[in-house]
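Any read-out appearing in this document is the output of simple, stated calculations on the displayed coordinates, not a laboratory observation. Quantities reported herein were computed from a predicted structural model and do not represent experimental measurements. Reconstructed Cβ throughout: ideal geometry from the backbone, glycine too, with neighbour counts over all protein chains shown.
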Amino acid sequence: MAERKQWKWADDPSLNKMELTKLEKDGLDVIETIINTYSKEGFASIEPSDMDRFKWAGIYQQRPKDGHFMMRVRIPGGIMTSEQARVLAKIAQDYGRDLVDVTTRQAVQFHWLTVDTFPDIFERLAAAGLSSFEACGDCPRQIMGNPLAGIDPHEVLDTRPIVAELEKFFLLNRDFSNLPRKYKMSVSANIYNAAHAQINDLAFTPAKKNIAGEEVIGFHVWVGGGLSAKPYLAKQLDVFVRPEEVVKVAAGVTTLFRDFGYRQKRTHARLKFLVADWGPEKFKEELIKLVGELETSGEDLTKGWNGGYFYGLHEQRQPGYYYAGLSVPVGRMNAAELIELARLADEYGDGTIGTCNTQNVLIRHIAKEKVAAFREEPLIVNRFKLKPDTFVGYAVSCTGTEYCNLALVETKERMRLLAQYLDEHIELDTPLRIHMIGCPNSCGQRQIADIGLQGIKVKTPEGMVEAFDVHVGGTLEVPQFNRKLNARVTVDRLGAFLVQLITFYKEERLEGEEYWRYV
Ligand code: SF4
């Protein structure tokens, strides 16, 4: 076990219970305990306080807490190799009942794992250059990025080396393993905001600045975004950061969160609350005290928002090469499908696979002469389509009651079937993004959806039933969260209600209007 840190908040009498758990034993120490003790002595031997710390290993208990676990694996920047994909698929086959989920933060999730399998899984992941560590917990989690980095005609800089540096700096770094709450970063130089900058605790977006007569491409910096029950859009700091300064600035922002973030209430601990209280000016002042002077902001290079969607075959930055954006309905696949994706990446592409925050995937770097054959591959024709149906293609869902202990309602399969139903009942010539979540934590990012469905239980004469609050008009184009309609819809009426709602939208939308942007 590593030497315990002397944190300056340690004597604060108002700390919440989880803070005391973290002070007693660092979250990262649980990894060793899992390997040496719990994996051998079994589920019943797990101390309740350590069960809370399992998150630092990237593990949560799966509903109904009967000895099965969910594990999240980091895919930094949303790019993995075909070999890594095969390792993930094999883990799912051996231990995870064949199930692989792509998350809204470009990570991969397994279900059905048992504690005895963790040492082997940790070893397999490490050998493949992957990790589940700190994919959950009060620490720097999966770093979101542009899954097209390096090949993207719409990026101004290849962000892969920056994401790799950040991952190296933060992963298992005990200076940052005890933050007040979860902490989410994104780095993208795509001019269509591929990494959803405004909903991250810390985000770097593309910018340029003339410095001493030289045009420098770098980043603008956003802090304090996040969803859950009290969603906030990140605020921009008046700084310009050169690519080589990103790690330093990220370390500075994370240090401010660690040392000044709130640790009294779990519901008031994210960086967004500190940023809301301080304001971006004071935040910048405090940051500069830590990292030294920074340039003031330059020219923003973000031109809009692509929603995180890349469907179809598109030309890359490299002439003669294409990337393929594929639809994975609600982000769920089986191990054989992931292995098949790995084969396609090797045979047609450069052996890399992109994961998108819309729970979809990309095959990167397909030579022009291979495009026709690629289109005919059975996996592409029948399952992960280049041009999915309107609603299936733009449906996102969190985990829901199937596996999540916090869920109030079932989501994933319901969203998949609902999207199919809408495709059968409405024709729409533009995408309409529907996100479904099972509780206010909003892992499915319902606030940024055109239609956001948030699960709730309601009392009816027949007893408690599952229902959804309906929100419309979310977007990061001109950023705004969606707004709640005065409509709580029980699940039996949800399909018919949405048909009516979308038909109304179809009839009333403005010329050229694509999304519910202007409600
Ligand atoms: Fe679970 Fe709620 Fe997150 Fe859905 S939004 S996965 S129900 S915590």
Total charge of the residues flanking ALA164 in space, meaning their Cβ is under 14 Å from its Cβ, with Lys and Arg +1 and Asp and Glu -1, is -1
To the nearest 20 debye, the range 48-155 has a Cα-centred charge dipole, built from +1 on Lys and Arg Cβ and -1 on Asp and Glu Cβ, of 160 debye
Lone Cys, the chain, Cβ cut-off 4.7 Å -> CYS136, CYS139, CYS356, CYS404, CYS439
By the Cα gyration tensor axes a ≥ b ≥ c (a/c under 1.5 gives rounded; else a/b larger than b/c gives prolate, otherwise oblate), the shape of the chain is rounded
The aspartates and glutamates whose Cα lies under 14 Å from the Cα of LYS370, excluding any fewer than 8 residues away in the same chain, are GLU315, ASP346, GLU347, ASP350
Relative contact order in percent for the chain (Cα pairs under 8 Å, 6+ apart) equals 12 percent
Here the percent of antiparallel bridges among DSSP beta bridges lying wholly in the range 138-293, to the nearest 5, is 75 percent
The aspartates and glutamates whose Cα lies under 17 Å from the Cα of LYS484, excluding any fewer than 8 residues away in the same chain, are ASP450, ASP469
For the chain, the dipole about the Cα centre with charges only on Cβ (Lys and Arg +1, Asp and Glu -1), to the nearest 20 debye, works out at 1020 debye
Of the candidates TYR403, ILE448, GLY393, the farthest towards the positive dipole end of the range 381-454 (Lys/Arg Cβ +1, Asp/Glu Cβ -1, centred on the Cα centre) is TYR403
If every Lys and Arg gets +1 and every Asp and Glu gets -1 at its Cβ, then about the Cα centre the range 229-380 yields a dipole, in debye to the nearest 20, of 780 debye
Taking GluC sites (Glu not before Pro) as exposed when in a DSSP loop with at most 16 other Cβ atoms inside 10 Å, the chain has its longest clean stretch at 4-292
The ³J(HN,Hα) series, computed from each phi in the range 220-230 with the Karplus coefficients 6.51, -1.76 and 1.60 at θ = phi - 60°, rounded to the nearest Hz and given as x for glycine or proline, is 9, 10, 10, 9, x, x, x, 9, 6, 5, 10
Of the residues GLN318, ASN146, PRO13, the Cα lying farthest along the dipole of the chain towards its positive end, which is defined by charges on the beta carbon of Lys, Arg, Asp and Glu, belongs to PRO13
Lys pairs in the range 3-131 with Cα under 25 Å (8 or more apart in sequence, or on separate chains) total 23
Karplus ³J(HN,Hα) for the range 317-330 (6.51 cos²θ - 1.76 cosθ + 1.60, θ = phi - 60°; Hz, whole; x = Gly/Pro) runs 4, 7, x, x, 10, 10, 10, 10, x, 10, 8, 10, x, 6
Charge tally for neighbours of ALA251 with beta carbon under 14 Å away, counting Lys, Arg as +1 and Asp, Glu as -1, is -3
Residue-ordered couplings for the range 266-282, obtained by feeding phi - 60° into the Karplus form 6.51 cos²θ - 1.76 cosθ + 1.60 and rounding to whole Hz (Gly and Pro as x), are 4, 7, 9, 10, 5, 4, 4, 6, 5, 5, 4, 6, 6, x, x, 5, 5
Dipole check, the chain, charges on Cβ (K,R +1; D,E -1), about Cα centroid: among GLY304, ALA203, PRO378 the Cα furthest to the positive pole belongs to ALA203
The answer for PHE240, listing residues at least 5 apart or on another chain whose modeled amide H is closer than 5 Å to its amide H, is GLU295, THR296, SER297
Excluding residues fewer than 8 positions from LYS282 in its own chain, the aspartates and glutamates with Cα under 17 Å of it are ASP201, ASP238, ASP259, GLU293, GLU295
Taking a ≥ b ≥ c as the square roots of the eigenvalues of the Cα gyration tensor, with a/c under 1.5 meaning rounded and otherwise prolate when a/b exceeds b/c and oblate if not, the range 200-359 is oblate
Residues whose modelled amide H sits under 5 Å from the amide H of ARG317, counting only those 5 or more places away in sequence or on another chain, are ASP152
Summed over the other residues with a beta carbon less than 12 angstrom from that of LEU408, with K and R at +1 and D and E at -1, the charge totals -1
